[in-house]
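The values are calculated or read from the model by the stated rules, or taken from the named source; none is laboratory data. Fair warning: this is a prediction, and the values are worked out from it, not measured in the lab. Cβ coordinates were reconstructed from backbone atoms using ideal geometry, including for glycine residues, and neighbour counts include every protein chain displayed. When the accessible area is computed, the model is the full protein with side chains, heavy atoms only, and any ligands, DNA or RNA have been set aside. Shrake-Rupley method; radii C 1.70, N 1.55, O 1.52, S 1.80 Å.
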Amino acid sequence: MFEFNVQGTQGAARAGTLTLPHGEVQTPAFMPVGTHAVVRGLSAADVRRTGAQIILGNTYHLHLRPGEEVVGTMGGLHRFTTWAGPMLTDSGGFQVFSLQGLRSIAEHGVEFQSHIDGTMRTLTPERAIDIQWRLGADVAMAFDHVVPGQSTAELAGEGMERTLRWLDRCKARHEELAEQRGGYPLAGGGAAGQLQQTLWPIVQGGIHDQLRMRSLEGTLQRGPWTGIAIGGLSVGEPKPVMHGILEQLGPALPMEIPRYLMGVGFPADLLEGIARGVDLFDCVAATRNGRHGTAWLPNGRINVRGAGLKGSTEPLDPTCDCETCTTYPRGYLRHLFMVEDMLGLRLVSIHNIRFLVRLGEQARAHILNGTFDGWSRQWLSRHYARED
């Protein structure tokens, strides 16, 4: 039920197939983020048409609204969202970390003030697992202690060690729930005792190489795992530092399980990560940029509001096969933003998600035919030249 097979490699880059209870995921792959059980502004059908194979939900936000009991009573995230494919839920660790001034971290867990109504809540490793079990995604993430990107070794070490201690508690609670409920987070069919949700750990350690390796070693000692995530690398550290950490961790990561780089999903970051052995990515940037009128193209970005697009009959990206690029001209997209119609936000978001999904598809094809190194170097060279 939770299997990963590598079909091909080139250097550190991998092309694989991840099998989950709700379907297969061909990797490398970008996972759109549905923080509140919706990929912002898009229907499940819209997201399916982008070619996305797996989407995310967030424990922190769904706990606050509508509450995990509501989602569970309605049949879990899959029925709640009408998304039939694989799903993953983030534990809420990053969201709690981002509530600077509104939370306090202790060994027991995190007490925080809701950004919605100001009420005080507590999130512990056990509670994070309980919520995710009730939400019913294929993959649940362990509750981790995230530290800022430029944290000292002392602070990063404290967060890393706590993440390992919390991982013990997450694993124990997940195993307890699976045993109590026959492997099923939700009522439904299937073989008795067949596990329908797996738990993935998160490697922490800030920007410090030794801490990252200690985190990985401690995580693997607590296995085996069906997948592993690398967290804390999209919180303000320089990109070369992220690349260096991925290069250091790569040879020590198990070949037989997927690697998920959390919160990283700009186009160049995808290819840089794939080249260093990453299989899965997620980020809100695709839809966030789309809502603000920024579209990603093979040679950089374009502002859809720009005066130069007025009256243009060209597609947004002539090389793209998404609904937006095969249907609407640039001039019309600009018009939608100028009159502040929500259709514009939707169409550019669709394109940006398809752009990242397609980039993963292209990388996979090049890995399998042995041309990834040359293709990715050329792609990144053009991209960085335009960004400069």
With every protein chain kept in place and a 1.4 Å probe, the residues 234, 312 fall, from largest accessible area down, as 234, 312
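If DNA, RNA and ligands are ignored and the probe is 1.4 Å, what is the ranking of 70, 304 by accessible area, most exposed first?
Details: 70 65, 304 0 Å².
The most accessible residue leads, giving 70, 304.
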Ordering 210-219, 262-271 by per-residue average of other C-beta atoms within 10 angstrom, highest first, gives 262-271, 210-219
Rounded to one decimal in Å, the inverse mean reciprocal Cα-Cα distance for the chain, i.e. its Kirkwood radius, is 21.4 Å
With Cα springs under 10 Å, the Gaussian network model of the chain assigns the largest mean-square fluctuation among 320, 283, 170 to 320
Note, segment 45-58: 3J(HN,Hα) by Karplus (6.51, -1.76, 1.60, θ = phi - 60°), whole Hz, Gly/Pro = x, goes 5, 4, 5, 4, 5, 6, x, 4, 9, 8, 10, 10, x, 10
Log entry: pair-distance distribution for segment 119-218, C-alpha pairs binned every 5 Å from zero, whole % per bin is 2, 14, 21, 18, 15, 13, 9, 5, 3, 1
Tilt, helix 125-135 to longest principal axis of the chain (alpha-carbon atoms), in degrees rounded to tens, equals 60 degrees
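Set the Förster radius R0 to 22 Å, insert the Cβ-Cβ distance between residue 239 and residue 6 as r into 1/(1 + (r/R0)^6), and round the FRET efficiency to 0.05.
0.25
Using only DSSP helix segments of four residues or longer, with each worth -39500 (n - 2.57), what per-residue ellipticity at 222 nm results for the chain after dividing by its residue count and rounding to 500? Please report the intermediate quantities before stating the final value.
Working: 15 runs with 166 residues, N = 388.
One gets -13000 deg cm²/dmol as the mean residue ellipticity at 222 nm.
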Nearest 10, in degrees from 0 to 90: the angle of helix 372-387 to the longest Cα principal axis of the chain is 70 degrees
Treating only Lys and Arg (+1) and Asp and Glu (-1) as charged, each at its beta carbon, one finds that the chain has a dipole about its Cα centre, in Debye to the nearest 20, of 900 debye
Label model pair residue 179, residue 65: point-to-point distance (7 angstrom along the Cα→beta-carbon line) in nm is 3.9 nm
The farthest towards the positive end of the charge dipole of the chain, of the residues 381, 200, 66, given +1 on Cβ of Lys and Arg and -1 on Cβ of Asp and Glu, is 381
Per residue, accessible area of the chain with a 1.4 Å probe, heavy atoms of protein chains only, in Å², comes to 40 Å²
Charge dipole of segment 261-388 built from unit charges on the beta carbon (Lys, Arg +1; Asp, Glu -1), centred at mean Cα; most positive-end Cα among 286, 315, 355 is 315
